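The values are calculated or read from the model by the stated rules, or taken from the named source; none is laboratory data. These numbers were taken from a predicted model, which means no experiment stands behind them. Glycine also receives a Cβ, built like all others from the backbone with ideal geometry; neighbour counts cover every protein chain displayed. All accessible areas refer to the heavy atoms of the entire protein, side chains included, with ligands and DNA or RNA removed. Shrake-Rupley method; radii C 1.70, N 1.55, O 1.52, S 1.80 Å.
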Amino acid sequence: MMQQKVYPLILTTLTTMSGGYAARIPDGTVDYPGCVTPESLALVEQSRSFGDRLGVSSYFLALLLVLAVYSAIRLVLAVVRTSRLRVSTGREGMIGETGVVRRQVSPRSGGMVFVHGELWKAYPEDTSIGSLEPGTEVEVVGFKRAAIVIRAVEGGN
């Protein structure tokens, strides 16, 4: 008696035939007509879902995905919001600050201005206006070497 070889059945194509079904093995070279009957199909196990293989619910995985997307959106919005904020430190943070003239500021020799809690050497932006007297409110518009460039605030003292 001849021994039959038994191969594990991996179905890639299942077609209906008069004697049952025909199965095609994965390499596609051999058809086995009539080897699979409707009764034997009940024994074929369905492939498990991703959630079943991990041992977690699909709803839980969906919730994690939604939370991850929500967190990524919040992070992007926070980065955009902080990039629009005005710089508040260093030289860039001084521009636009207001201060008060402490010692007369003249175009040639400059003067002293109290800005941002410190005394600074200052020069006027417009050299044609003459000097700025002590007590005049001024605004910082730039830097010149280690000194600030100022202009009088309209409506100031």
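Of all residues in region 112-145, which are crowded, with 16+ Cβ neighbours inside 10 Å and over 47 Å from the mean Cα position of the chain (by Cα)?
132 - this is the single residue of region 112-145 that is crowded, with 16+ Cβ neighbours inside 10 Å and over 47 Å from the mean Cα position of the chain (by Cα).
Mind checking which residues of region 50-63 are more than 30 Å from the chain's Cα centre (by Cα) and surrounded by 10 or more Cβ atoms within 10 Å (Cβ to Cβ)?
The one that is more than 30 Å from the chain's Cα centre (by Cα) and surrounded by 10 or more Cβ atoms within 10 Å (Cβ to Cβ): 52.
So, of the residues in region 64-100 that are among the aliphatic types (A, V, I, L, M) and under 30 Å from residue 154 (Cα atoms), which turns out to be surrounded by the fewest Cβ atoms within 10 Å (Cβ to Cβ)? Give the derivation first.
From region 64-100, those among the aliphatic types (A, V, I, L, M) are 64-69, 72-73, 75-80, 85, 87, 94-95, 100; that's our starting set.
Pick out the ones that are also under 30 Å from residue 154 (Cα atoms) and you get 85, 87, 94-95, 100.
Values: 85: 7, 87: 10, 94: 20, 95: 16, 100: 15.
The extreme case among them is 85.
How many of the residues in region 120-139 are among the hydrophobic types (A, V, I, L, M, F, W, C) and farther than 16 Å from residue 103 by Cα?
If we filter region 120-139 for residues that are among the hydrophobic types (A, V, I, L, M, F, W, C), which is where we start, we get 120, 122, 129, 132, 138.
Filter again for farther than 16 Å from residue 103 by Cα, leaving 129.
Within region 120-139, residues that are among the hydrophobic types (A, V, I, L, M, F, W, C) and farther than 16 Å from residue 103 by Cα number 1.
Based on this model, can you work out whether residue 103 counts as under 30 Å from residue 152 (Cβ atoms), open to solvent by 90 Å² or more (accessible area, probe 1.4 Å) and in contact with a helix residue (DSSP H, G or I) (Cβ under 9 Å, 6 or more places away or on another chain)?
On the way: under 30 Å from residue 152 (Cβ atoms): yes; open to solvent by 90 Å² or more (accessible area, probe 1.4 Å): yes; in contact with a helix residue (DSSP H, G or I) (Cβ under 9 Å, 6 or more places away or on another chain): no.
Judged against the criteria, residue 103 is not a match.
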